[in-house]
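Participant: Once you've had a glance at the structure underneath, I'll fire off some questions.
Every number here is computed from the coordinates shown, using simple stated rules; none is lab data. If you're wondering where the values come from, they're calculated on a predicted model, not measured in any experiment. Positions of Cβ are generated from backbone atoms using ideal geometry, with glycine treated the same way; all protein chains shown enter the neighbour counts.
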Amino acid sequence: MNPIIVALDLPGLEEAKTLARSLVDEVGGFKVGMELLMGAGSAAVGAIATLGKPVFVDAKLHDIPNTVERAATRIKSAGARWVTVHATGGKKMMEAAVEGMGGDGVLAVTMLTSLSQVDLESIGVPALASDYVVSLASLAADSGTEGVVCSPEEIRRVKDKEPSLAVFTPGLRPAASDVDDQKRVATPEQARSDGADFLVIGRPVTRAADPVTAVRNIATAIGRFER
């Protein structure tokens, strides 16, 4: 499967649909994040799903297990292939999400790519970032999730410790691109080489003058790392 998932982090559904239609033959799937969800709601999921590519709903669910299970059920019914939950919600919460998704399609968010080691310490977590991410990945695996979301810096360690998990990696920037608000970043080809199963790419595509060309350039760059 094409590993490129374009993050449709755009303010309006029509704009997102237009972009998705232009890329549908170039990518492996699309991400619907909170910006679209807070606007168009679950209709955004269904609208993008009709294009025939899997939809990754980045809802980052984090609540009591019962609420998360019901939310996951609604998200799946809207057409999602995957939904994210925060691994810090714990094992029971993640298990509830898996139940709500029918046993498959839950991705556990470990540590946001906008956070650094200093940020981790500021919220009272004394562990090294890579150790923290691997620990959460193991908890996610024990909870029955299909995969995890982690930064490029942790891909190899997660794959070594939990090879059954699919790794979805955001925070990717082609060479010479701005890193924006991301802190733990890499190029798409480096992430793929390190073992990422799916590459979640937003602004380098959505802000490009020619998104189709931007995606094709990324596909060419990662081509030698296809497994």
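Participant: Can you list the residues, at least 5 places off or on another chain, whose amide H is less than 5 Å from the amide H of residue 61, using H built in the peptide plane?
Facilitator: 84, 85, 86
Participant: Continuing with the same structure: For the peptides 160-167, 51-58, 23-30, what is the packing order when you average, over each peptide's residues, the other Cβ atoms within 10 Å and list the highest mean first?
Facilitator: Details: 160-167: 15.6, 51-58: 21.2, 23-30: 19.0.
Ranked from most to least packed, the peptides come out as 51-58, 23-30, 160-167.
Participant: Also: Would you mind pulling out the separation of the Cα centroids of region 123-160 and region 1-26, in Å?
Facilitator: Cα centres, region 123-160 to region 1-26: 28 Å.
Participant: Related question: What order do you get for 213, 206 when you list them from fewest to most C-beta neighbours inside 10 Å? Provide the component values of the computation, followed by the final result.
Facilitator: On the way: 213 12, 206 18.
By the 10 Å Cβ count, ascending: 213, 206.
Participant: Another question about this same structure. Which of the listed residues, 54, 167, 75, is farthest toward the dipole's positive end in the chain, when Lys, Arg count +1 and Asp, Glu count -1 at the beta-carbon?
Facilitator: The residue sitting farthest along the positive end of the dipole is 54.
Participant: Follow-up question, since we're still on this one. Please list, in chain and number order, the residues 5+ apart from residue 33 or on another chain whose amide H is under 5 Å from its amide H, with Hs placed from the backbone.
Facilitator: Close amide H contacts, sequence-distant or interchain: 8, 58.
Participant: Continuing with the same structure: Which three extents, in whole angstrom, do the alpha-carbon atoms of the chain cover along their principal axes, largest first?
Facilitator: So the three principal-axis extents are 42, 36, 33 Å.
Participant: Mind putting a number on the dipole of region 120-167 about its Cα centre? Charges go on the C-beta only, +1 for Lys and Arg and -1 for Asp and Glu, and I need it in Debye to the nearest 20. Could the numbers behind the result be given before it?
Facilitator: Details: 4 positive and 8 negative charges, 22 e Å.
About 100 debye.
Participant: Taking Cα pairs under 8 Å and at least six residues apart, what relative contact order does region 36-153 come out at, in percent?
Facilitator: Working: 196 pairs, mean separation 28.1, N = 118.
Relative contact order comes out at 24 percent.
Participant: Then there is this: Calculate the dipole size of region 1-49 relative to its Cα centre from +1 charges on Lys and Arg beta carbons and -1 charges on Asp and Glu beta carbons; express the result in debye to the nearest 20.
Facilitator: 120
Participant: So how strong a dipole does the chain carry about its Cα centre when Lys and Arg Cβ are +1 and Asp and Glu Cβ are -1, to the nearest 20 debye? Don't jump to the answer; show the numbers that get you there.
Facilitator: On the way: 24 positive and 29 negative charges, 70 e Å.
Charge dipole, the chain, about its Cα centre: 340 debye, nearest 20.
Participant: While we're looking at this one, here's another question. Report the calculated FRET efficiency for residue 221 and residue 122 (r = Cβ-Cβ distance, R0 = 30 Å), to the nearest 0.05.
Facilitator: Values: r = 35 Å, r/R0 = 1.16.
The formula returns an efficiency of 0.30 here.
Participant: A further question follows. Treat each spin label as a single point 7 Å out from the Cα along the C-beta direction, and report the residue 175 to residue 114 distance in nm.
Facilitator: Modelled inter-label distance: 2.9 nm.
Participant: Counting only helical runs of four or more DSSP H residues, what would the 222 nm mean residue ellipticity of the chain come to if each run contributes -39,500 (n - 2.57) and the total is spread over all its residues? Show your work: numbers first, answer last.
Facilitator: On the way: 11 runs with 97 residues, N = 227.
Rounded to the nearest 500, it is -12000 deg cm²/dmol.
Participant: Kindly work out what percent of the DSSP beta bridges joining two residues of region 4-225 are antiparallel, to the nearest 5. Walk me through the numbers before you get to the answer.
Facilitator: Working: 0 of 25 bridges.
Once the DSSP bridges in region 4-225 are tallied, antiparallel ones form about 0 percent.
Participant: Something else about it: Set the Förster distance to 45 Å, then compute FRET efficiency between residue 92 and residue 209 from the Cβ-Cβ distance, nearest 0.05.
Facilitator: The calculated FRET efficiency here is 0.45.
Participant: Return the sequence-ordered ³J(HN,Hα) values of region 117-124 in whole Hz as given by the Karplus equation 6.51 cos²θ - 1.76 cosθ + 1.60 applied to θ = phi - 60°, using x for Gly and Pro.
Facilitator: Taking θ as phi minus 60°, the curve returns 4, 4, 5, 4, 5, 5, 9, x Hz for region 117-124.
Participant: Another question, then. Which whole-angstrom value gives the distance between the alpha carbon centres of region 92-107 and region 185-227?
Facilitator: When both Cα centres are located, 28 Å separates them.
Participant: Tabulate in residue order the Karplus-calculated ³J(HN,Hα) for region 47-61, using 6.51 cos²θ - 1.76 cosθ + 1.60 with θ = phi - 60°, rounded to whole Hz; enter x for Gly and Pro.
Facilitator: 5, 6, 4, 5, 6, x, 10, x, 10, 9, 8, 8, 7, 6, 4
Participant: Ordered by packing density, taken as the mean number of other Cβ atoms within 10 Å over each peptide's residues, highest first, how do 34-47, 119-132 rank?
Facilitator: 34-47, 119-132
Participant: Let me ask something else. Quote the relative contact order of the chain in percent (integer), defining contacts as alpha-carbon pairs under 8 Å separated by 6+ residues.
Facilitator: 18
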